[in-house]
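Okay, so here's the structure we're looking at.
The values are calculated or read from the model by the stated rules, or taken from the named source; none is laboratory data. Here the structure is a predicted model, which is why all the values come from computation and not from measurement. Every residue, glycine as well, gets a Cβ built from its backbone with ideal geometry; the counts of neighbours run over all protein chains shown.
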Ligand code: PMP
């Protein structure tokens, strides 16, 4: 700690991301990246955009990308906001829609960045308890609150909520914003985007980091009614008016347009997830049914921490959370079939 730090810098407990070794020594199944490369059309477009125009500022309002997204999701351009990854979008949402001392609701087990933002902005949070099998029930959302954040599917459990369930939450809390974080929605879930025109309190966050294999490009977005997007623009323009760089703008647009590649890679991941879930169950794992590009697993005899360490020694990185209720679970991202076969073979040797 330095005496020069602000009170805020002294106070915050920053988020600790999963390990990101840069030397490609490991099979990386720890941060839910896509095992397949980005669409070849994305890489070509980024190469072409690597030209002297980089000396010029990018479009501060990201008009073309917003139009592409609006067209793809059946929205108006004014219902779209883009940012540098959904983590940044989420931080802007906290600033635009919650006040210090507000109380928001989060699931008891969820993406651990949410409590970090809440602490950063002095927002209180209450946890909605999960059942034994990590499912949520509607009762938990009746508590008074000034906003709700809910990933669908949830992370790290992979549990999915139906749109009917989400609509009930939206109706019950019509005077508060409800943020649905759909980072993993493309792996088998139904997006709440189609509810945007019906609910003035709905915000749907998505990212190109998972299903579009572009975690390295840092592009995320949020959809909601126009007045909500205007509030976000006010915050963004008081913080960083040039959001996405020129290469990210071009790459993101191509990623959304290459539907064929998107469908092909996401179906492969879903197929692999279902196969691997079955195979792990056969060797004594409890596997929570997942609609994400990861699975949440626990072995009936061998402790998760022990499995994590042994897998790492053998060159396979997965995610272990030393946290109450889930300390005996591992989160395993879905890799290629070859990577997952090696994972299963290695687990069989360990257990
Ligand atoms: N939401 C959830 C639930 C996540 O798991 C992640 C990835 N760690 C993010 C948002 C952020 O993703 P990105 O910033 O890469 O868009």
* Structure fact -> All-but-one check, residue 65 against (1) at pLDDT 95 or above; (2) away from the ligand (no atom under 16 Å from the Cβ), failing number (2)
* Name the residues in region 218-239 that are within 16 Å of the ligand (Cβ to nearest atom), in a loop (DSSP other than H, G, I, E, B) and crowded, with 22+ Cβ neighbours inside 10 Å, would you? -> 219
* Asked: Restricting region 200-210 to residues that are crowded, with 20+ Cβ neighbours inside 10 Å and more than 10 Å from the chain's Cα centre (by Cα), which is farthest from residue 265 (Cα to Cα)?
  -> 201
* Structure fact -> Per the filter on region 74-84, residues within 16 Å of the ligand (Cβ to nearest atom) and surrounded by 20 or more Cβ atoms within 10 Å (Cβ to Cβ) are 80, 81, 82, 83
* Answer yes or no: is there a residue in region 184-204 that is in contact with a strand residue (DSSP E or B) (Cβ under 8 Å, 6 or more places away or on another chain), near the ligand (Cβ under 9 Å from one of its atoms), outside any loop (DSSP other than H, G, I, E, B) and at pLDDT 95 or above. => no
* For region 153-162, state whether one or more residues are within 16 Å of the ligand (Cβ to nearest atom) and either under 24 Å from residue 66 (Cα atoms) or free of Cβ contacts under 8 Å to residues at least 12 places away in the same chain (or both). => no
* Listed residues 215, 255; which is within 16 Å of the ligand (Cβ to nearest atom) and not in a loop (DSSP other than H, G, I, E, B)? -> 255
* Structure fact -> Subset of region 113-128, residues touching a residue at least 12 places away in the same chain (Cβ under 8 Å) and under 20 Å from the mean Cα position of the chain (by Cα), comes to 113, 114, 116, 117, 118, 119, 120, 125, 127, 128
* **Spans of strands (runs of 3 or more DSSP E) in region 279-351 with at least 2 residues out of contact with any helix residue (DSSP H, G or I) (no Cβ under 7 Å at 6 or more places or on another chain) and buried (at least 17 other Cβ atoms within 10 Å of the Cβ)** => 294-299, 330-333
* Quick one: would you say residue 190 is within 19 Å of residue 158 (Cα to Cα), without any contact (Cβ under 8 Å) to a residue 40 or more places away in the chain and surrounded by fewer than 20 Cβ atoms within 10 Å (Cβ to Cβ)? -> yes
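Suppose the filter is away from the ligand (no atom under 16 Å from the Cβ), surrounded by fewer than 19 Cβ atoms within 10 Å (Cβ to Cβ), farther than 30 Å from residue 59 by Cα and free of Cβ contacts under 8 Å to residues at least 12 places away in the same chain; does residue 139 pass it? So that I can check it myself, show each step before the final result.
Working: away from the ligand (no atom under 16 Å from the Cβ): yes; surrounded by fewer than 19 Cβ atoms within 10 Å (Cβ to Cβ): yes; farther than 30 Å from residue 59 by Cα: yes; free of Cβ contacts under 8 Å to residues at least 12 places away in the same chain: yes.
So residue 139 passes the test.
Return the residues of region 113-136 that are more than 25 Å from residue 218 (Cβ to Cβ) and either away from the ligand (no atom under 15 Å from the Cβ) or out of contact with any strand residue (DSSP E or B) (no Cβ under 9 Å at 6 or more places or on another chain) (or both); say none if nothing qualifies.
If the condition is that a residue be more than 25 Å from residue 218 (Cβ to Cβ) and either away from the ligand (no atom under 15 Å from the Cβ) or out of contact with any strand residue (DSSP E or B) (no Cβ under 9 Å at 6 or more places or on another chain) (or both), then 122, 124, 125, 126, 127, 128, 129, 130, 131, 132, 133, 135 are the ones that fit.
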* Structure fact -> Taking region 6-28 and keeping only residues that are loosely packed, with under 11 Cβ neighbours inside 10 Å, more than 16 Å from the ligand (Cβ to nearest atom) and assigned to a loop (DSSP other than H, G, I, E, B), one is left with 6, 13, 21, 22, 23, 24, 25
* To do: Mind listing just one residue for me: the one in region 91-112 that is touching a residue at least 40 places away in the same chain (Cβ under 8 Å) and surrounded by fewer than 17 Cβ atoms within 10 Å (Cβ to Cβ) and, of those, nearest to the ligand (Cβ to nearest atom)?
  => 112
